[in-house]
Each structure stands twice: as C-alpha cells, then as structure tokens.
Amino acid sequence: MDIKDIIKPENKVYSKTSLMTDNALSYCPGCGHGTAHRIVMEVIEEMGIAHDTIGVAPVGCSVLAYDFMDIDMTQAAHGRAPAVATGIKRLWPDKFVFTYQGDGDLAAIGTAETIHACNRGENIVIIFVNNGIYGMTGGQMAPTTLGGMKSSTSPFGRDIGTMGNPIKMTELVANLPGVYFASRQAVHKPSNVRKAKKAIRQAFENQKEKKGLSIVEIVSNCNSGWKMAPVQSNIWMEENMFPYYPLGDIKVDDVILGK
Amino acid sequence: MGRAKGAIVVDIEKCKGCNICVVNCPTDVIELSKEVNGKGYPYAYMENPENCTGCANCALVCPDGVIEVYRVIV
Ligand SMILES: Cc1ncc(C[n+]2csc(CCOP(=O)(O)OP(=O)(O)O)c2C)c(N)n1
Ligand code: SF4
Ligand code: SF4
Ligand code: SF4
C-alpha cells in the first residue's frame, strides 16, 4: 500500500491537541515538560472543559506554559502557584483550576504554599514535574536531588549528611487530610504516558466532584541539567530516580495505599 | 481482522532530533536524518515505512508533539 494512500485526513489517529498552541516549545530537546503539557491539555480537551479551566504557571523552565497551553492562564511568583490557585478557585468555584510546577518551585521556595494549600484541602489540581534539579537556572541542587547526585551546587554529589535527604513531597502531602488523591507517574514511555494521563484525568474528575486537592507528580528528566543525551537521561531516570520515587498511586479516594 | 498499516508525518522544522521516538518505536520504523533542519537539528523520518503499524507510540512520547499518525486496516 502506498504511503500517500495511508496519509489521508480520514485515516488520522493521532495529532497534538488543538489546546497546545503552534508555538515551538522553549524546552531542550527530549525534555519531559512538553509531554506533560500535552497530556494535561488532552485531558482538558477530552473533558470538554477548555473554556472553564484556569491554569497557573510557575517560575522555572515552564514559566512560559501559558504560551503553549491555549486556555486561560496566569503565572505566579516562584513557589506561590498553590496560593494563587486558591484565590482563583475561591472566587470562581465552578472553574477548574490547576497549577503546573517544578520541584524547585513546589518543593523548595514554595514548600509553605504547597503544604498549606494541601492541608486546607483546596479543590484544585497540582501537576508537579519532579526532575530532581533546578533546570532553568543551570542545574543547581534541589530538595529533590538524589543522594550522591551531581549538580552545579553539589559537584561532588549530594552529601546526605550535610545537605539532607531528598524530600518525597507527594508522600508527605498525601498524609494531610485535605489531599484526596496523590499519584506519581512518568512520561518517557508510551505506557507511562497513558498511565500519567489517566491519573491527571482522575485528578480533574475529583475536582469536578469537589473532593479536595489532587496532586499528580511526574518524575521527569532534565537532560541539560543532568548533562546527558535525552535517551540516556531517561535510562538514568529509570535506574536512579524511580527506585527512590516509585511510580504509582499513593493515595486514592482519600485512602493512603499500602497502609 | 485485517492488518494495520500506518504512517507518520513529522513536522520537520519543529523536530528537535531528541531520538526519543526512535527508541520507542516497537518496529524500528524511525531514524534521524543526516541533514539538519533550519534550527540545526537532525529530524525524525520513516527509514522503514513498511514496518509502521500506526500504533502512535512515537507520537505519545514526542515531547514536542510534532508527530501525526495515520492508520488503515488492509
Ligand atoms: C523569588 C525567586 N527566587 C529565585 C528565582 C530563580 N529561579 C528561577 S527558576 C528557579 C528554579 C526552577 O527549578 P524547578 O522549579 O525545579 O523547575 P525546572 O526549571 O527544573 O522545570 C529559580 C531558583 C526566581 N525567579 N524568583
Ligand atoms: S533545562 Fe532541563 S527542565 Fe529545563 S527545558 Fe532543559 S531539560 Fe527541560
Ligand atoms: S506509529 Fe508506531 S510503528 Fe509507526 S513509527 Fe510510530 S511507533 Fe513506529
Ligand atoms: S521525539 Fe519528536 S522531537 Fe524528538 S526526534 Fe522524534 S519527532 Fe523529533
């Protein structure tokens, strides 16, 4: 069969959602941020809530998320997205409100905002992209940086004794009663993309049912910060990040799994 | 049940040559070009188009969302 007989509009089975703009993404080649953006937008498209959703972009590489997500968005000061989302959701309780944050944003400078929004059980969705490093500013150590992992501010590897243990934010906030759903996913392989999308859908469905806060962590790569080629960074992520940040649901329907 | 025949279309100018689609194609359809696009990146193309089943795995993992997938049952 000739290729031109296959490539016809009626045979199209996948193309990026129209809720992603045609702007070229500002991310490094192979960076998981792009895939994470796209599946959030796919969920919003599939739920038919594009005109009723407001996103809050962070400070970090995804600071320009509003240039790529074609819905109403704002951008918060570093770490303050959950506080800004709280205000928006309380003013417009019928809108769907989500934050999109990196680990430097959510787990370092924004720790207070994250924990208190979770503790208050704000009816919002948090998308948390954990790449274990400050990507935008040049690969400095984050609270999530693994033990022994090199960064520009831990050039000999993170020393747990002096620099502390990497923080598991999603497990930490799952213990708060305001958090209804907590899940950790990845987007580097097709099966992971499908599971991550399912978790994000669940998070938005929870918001629709006014269940409280849902957080979906996406363990991702920062190939530039980690100083690796994209495919190599994904293999390193599987071998090093996943054992410490295991994938799967952590809290479902208000119940912490495995407890 | 017929057999699935697929094809992909890559937005060459927006492809960043990251290779992630290449390693996620189960039937080794994709390779990176020797030439580069306007931004200096090699781009993904179907080196073995006859192997494509239109499974869309490549498009799912493409961070830049530049792959369209087509599929027919023959
Ligand atoms: C108040 C304030 N402090 C510090 C910075 C500098 N800064 C910009 S991005 C960033 C960290 C971003 O890392 P992360 O949230 O992990 O996102 P990534 O870039 O890795 O996606 C920092 C510290 C800032 N912009 N504002
Ligand atoms: S610096 Fe890291 S997180 Fe930022 S776009 Fe590049 S790979 Fe992604
Ligand atoms: S659609 Fe499936 S078979 Fe075709 S190139 Fe993409 S991954 Fe390979
Ligand atoms: S995954 Fe996307 S950006 Fe990367 S090489 Fe393939 S088509 Fe290009």
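General remarks:
- Charged side chains reduced to their Cβ positions (Lys and Arg at +1, Asp and Glu at -1) give chain B a dipole of some 140 debye around its Cα centre.
- For the range A:117-160, the Stokes-Einstein estimate of translational diffusion at 10 °C and a viscosity of 1.306 mPa s comes to 133 µm²/s, using the Kirkwood hydrodynamic radius over alpha-carbon pairs.
- Cβ-defined net charge surrounding B:Glu47, 15 Å radius [Lys, Arg +1; Asp, Glu -1]: -3
- When A:His188, A:His116 are arranged by Cβ crowding within 10 Å, least crowded first, meaning fewest neighbours, the order is A:His116, A:His188.
- Chain A pair-distance distribution - Cα-Cα, 5 Å bins, rounded %: 1, 6, 14, 18, 20, 17, 11, 6, 3, 2, 1, 0, 0
- Among residues other than B:Lys16 with Cβ under 12 Å from its Cβ, the summed charge is -1 (Lys and Arg +1, Asp and Glu -1).
- Averaged over A:182-191, number of beta-carbon atoms from partner chains that fall within 10 Å: 3
- Label sites at A:Glu239 and A:Ile3, each approximated as a point 7 angstrom past Cα along Cα to Cβ, lie 3.5 nm apart.
- Counting every C-alpha pair in the range B:4-73, the share spaced more than 14 angstrom apart comes to 51%.
- Estimated purely from DSSP H runs of n ≥ 4, each contributing -39500 (n - 2.57), the mean residue ellipticity at 222 nm for chain B is -2500 deg cm²/dmol once divided by its residues.
- Relative contact order, whole percent, for chain B stands at 46, derived from Cα pairs under 8 Å and 6 or more residues apart.
- Normalised alpha carbon radius of gyration of the range A:1-137 [divisor 2.2 N^0.38 Å]: 1.18
- Cα gyration tensor, the range A:134-245 - rounded (a/c under 1.5), prolate or oblate: oblate
- Average other protein chain Cβ within 10 Å of Cβ, residues A:42-53: 0
- Across the range A:58-63, rounded Karplus estimates of 3J(HN,Hα) from the backbone phi angles (6.51 cos²θ - 1.76 cosθ + 1.60, θ = phi - 60°) give x, 9, x, 4, 8, 4 Hz, Gly and Pro being marked x.
- Amide H within-cut-off set for A:Tyr14, under 5 Å, with H built and near neighbours excluded: B:Val69
- Phi angles across the range A:88-105 convert, under the Karplus curve 6.51 cos²θ - 1.76 cosθ + 1.60 with θ = phi - 60°, into 3J(HN,Hα) values of 4, 5, 6, 6, 10, x, 8, 7, 8, 10, 9, 10, 10, 9, x, 6, x, 5 Hz, Gly and Pro given as x.
- Charge context of A:Thr170, other residues only, Cβ under 9 angstrom, K/R +1, D/E -1: +1
- For the range A:156-226, chymotrypsin sites (Phe, Trp or Tyr not before Pro) meeting the loop criterion (DSSP other than H, G, I, E, B) and having at most 14 other Cβ atoms within 10 Å: A:Phe156.
- Here is how the number arises for chain A: DSSP H runs of 4 or more residues each give -39500 (n - 2.57), the sum is divided by the residue count, and the result at 222 nm is -8500 deg cm²/dmol.
- 10 Å Cβ neighbours from other chains, averaged over peptide A:27-33: 5
- Farthest toward positive dipole pole in chain B [+1 Lys/Arg, -1 Asp/Glu at C-beta], among B:Ala44, B:Leu60, B:Gly17: B:Leu60
- Dipole in debye (nearest 20) - the protein assembly as shown, about Cα centre, beta carbon charges: Lys, Arg +1; Asp, Glu -1: 500
- Sparse-neighbour loop sites [trypsin sites (Lys or Arg not before Pro); the range A:195-258; at most 13 other C-beta within 10 Å; DSSP]: A:Lys210, A:Lys227
Coordinate-derived values only; no laboratory data. Everything numeric in this text was worked out from a predicted model, so none of it was measured. Virtual Cβ from ideal backbone geometry, glycine too; neighbours counted across all protein chains shown.
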